[in-house]
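What follows is one structure encoded as structure tokens, with my remarks underneath.
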């Protein structure tokens, strides 16, 4: 009775389907479509379509199964976005961060441009040396003869004194200038500090403006090095473009613009008497903005690298100023003294020392900050669920490896530049403390240590900025 009640109420349409085949082929009640009688099966097919409401009934029974599946998916998506800083909550935060970066960087860029405008020597004549330097003239050495040091027209009689130094007489043919095509004989004493010229060398002469036919109007100054340097520069540019492609080309353009800033702004401004430290800060800011944004594009990633570089440069400048004053560094080494003598007026020698520290550390700082920022962004791209703390920890571990090599690079660069000074000082025979306390060596120590502290500080500063911003960036913009 219970089965009949269930079939009456719930399976009425099914009973019609099962009844029709049961009268004709009882063994095929479950597969009425396979019954061969065409007339008996085709006519009940319209009622057989009535079980399709039963199929929807089955679908209705199955629909609650997919319904809860899509329900948790939308619930999991916002939850996943909330934890991984995805599209929903991350986009407004990213906009706020970008606005913050704009508010921080635009005033700095404006200050850099204003500083360059105020410090540039507008309307002033270019600085010239008080000592005549002569006009460079190209020439080719055709023959060389070693003998006694005799002036034009003199003849050696007898043996020269045993302590007399020999001279090198070079026959040269000028290839440009007022005496192009003319041959001259120039005598140069042979000393350990003078170069050795041989036939076929391309040399540079210094012409003092006198009689072109008089050898006294010319002096051999140096070798011509234009062709080897151009070949090396071409090889360097080719290697950068082959590896970096369009980004390498952008880096070369940025490098050229950096040289223009140094040649057209930094050097003329310092020679005109402006503060070397202020000029270096403005020039370094311009180089930083141009090089980073032109090479890596306008993005939050590049802006973080710019901020990290700027903070580190400020730290380097402050440390250099404090410890150069504490160590009583004057900045008056041989090259600076020669520069002051050529200018004919005073110059802030200590400020020139600090300017060299700031500009010298800029290149290494760019490398560190860009590498740290890129590392954090790539970590976030590989695992969007990482928060800023995880990104900071992973990026800092990468930065520790980078700091060691970067500091070593800076130390070796300064040591290589100061190698002649180190050798000369070591000949004095005094103790190590006296050697390290000498003006030339102490300058290099301050440069190296102040720059190294700035590089070390650039890693955590840049990494935390990159972690805070990258964790709020939408995944598509990574």
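The values are calculated or read from the model by the stated rules, or taken from the named source; none is laboratory data. Bear in mind the structure is a predicted one, so any value in this text is a computation, not a measurement. Don't worry about glycine lacking a Cβ; one is built from the backbone with ideal geometry, like all the others, and counts go over all protein chains shown.
Checked against (1) part of a helix (DSSP H, G or I); (2) surrounded by 15 or more Cβ atoms within 10 Å (Cβ to Cβ); (3) at positive phi, residue 273 passes all but condition (1). Looking only at residues in region 219-230 that are touching a residue at least 40 places away in the same chain (Cβ under 8 Å) and outside any loop (DSSP other than H, G, I, E, B), the one that is nearest to the chain's Cα centre (by Cα) is 221.
Within the set 143, 216, 233, 139, the sole residue that is within 30 Å of residue 337 (Cα to Cα) and out of contact with any helix residue (DSSP H, G or I) (no Cβ under 8 Å at 6 or more places or on another chain) turns out to be 216.
Looking at region 284-297, is at least one residue within 14 Å of the chain's Cα centre (by Cα), assigned to a loop (DSSP other than H, G, I, E, B) and modelled with pLDDT under 90? For region 284-297, residues within 14 Å of the chain's Cα centre (by Cα), assigned to a loop (DSSP other than H, G, I, E, B) and modelled with pLDDT under 90: present. The set of residues from region 114-150 being in contact (Cβ under 8 Å) with a residue 24 or more places away in the chain and either out of contact with any strand residue (DSSP E or B) (no Cβ under 8 Å at 6 or more places or on another chain) or under 30 Å from residue 289 (Cβ atoms) (or both) comprises 115, 116, 119, 120, 121, 124, 126, 127, 129, 130, 131, 132.
Taking the numbered list (1) in a helix (DSSP H, G or I); (2) exposed (fewer than 13 other Cβ atoms within 10 Å of the Cβ) in turn, residue 392 passes all entries but (2).
In this entry, residue 86 is excluded by the filter for residues that are modelled with pLDDT under 70 and in the same structural domain as residue 217 (by TED's automatic domain parsing). Scanning region 189-213 for residues that are part of a strand (DSSP E or B) and under 44 Å from the mean Cα position of the chain (by Cα) yields 202, 203, 204, 205, 206, 207.
Can you tell me which residues in region 387-420 are in contact (Cβ under 8 Å) with a residue 60 or more places away in the chain and in contact with a helix residue (DSSP H, G or I) (Cβ under 7 Å, 6 or more places away or on another chain)? Answer for region 387-420, where residues must be in contact (Cβ under 8 Å) with a residue 60 or more places away in the chain and in contact with a helix residue (DSSP H, G or I) (Cβ under 7 Å, 6 or more places away or on another chain): 388, 391, 392, 395, 396, 399. One residue alone among 216, 233, 251, 263 is surrounded by 16 or more Cβ atoms within 10 Å (Cβ to Cβ) and either in a helix (DSSP H, G or I) or not assigned by TED's automatic domain parsing to the domain that holds residue 149 (or both), and that residue is 251. Within region 261-269, is there a residue that is within 18 Å of the chain's Cα centre (by Cα), over 23 Å from residue 448 (Cα atoms) and without any contact (Cβ under 8 Å) to a residue 60 or more places away in the chain? Scanning region 261-269, I find at least one residue that is within 18 Å of the chain's Cα centre (by Cα), over 23 Å from residue 448 (Cα atoms) and without any contact (Cβ under 8 Å) to a residue 60 or more places away in the chain, so the answer is yes. Is it the case that residue 297 is within 30 Å of residue 395 (Cα to Cα), without any contact (Cβ under 8 Å) to a residue 12 or more places away in the chain and out of contact with any helix residue (DSSP H, G or I) (no Cβ under 7 Å at 6 or more places or on another chain)? Yes.
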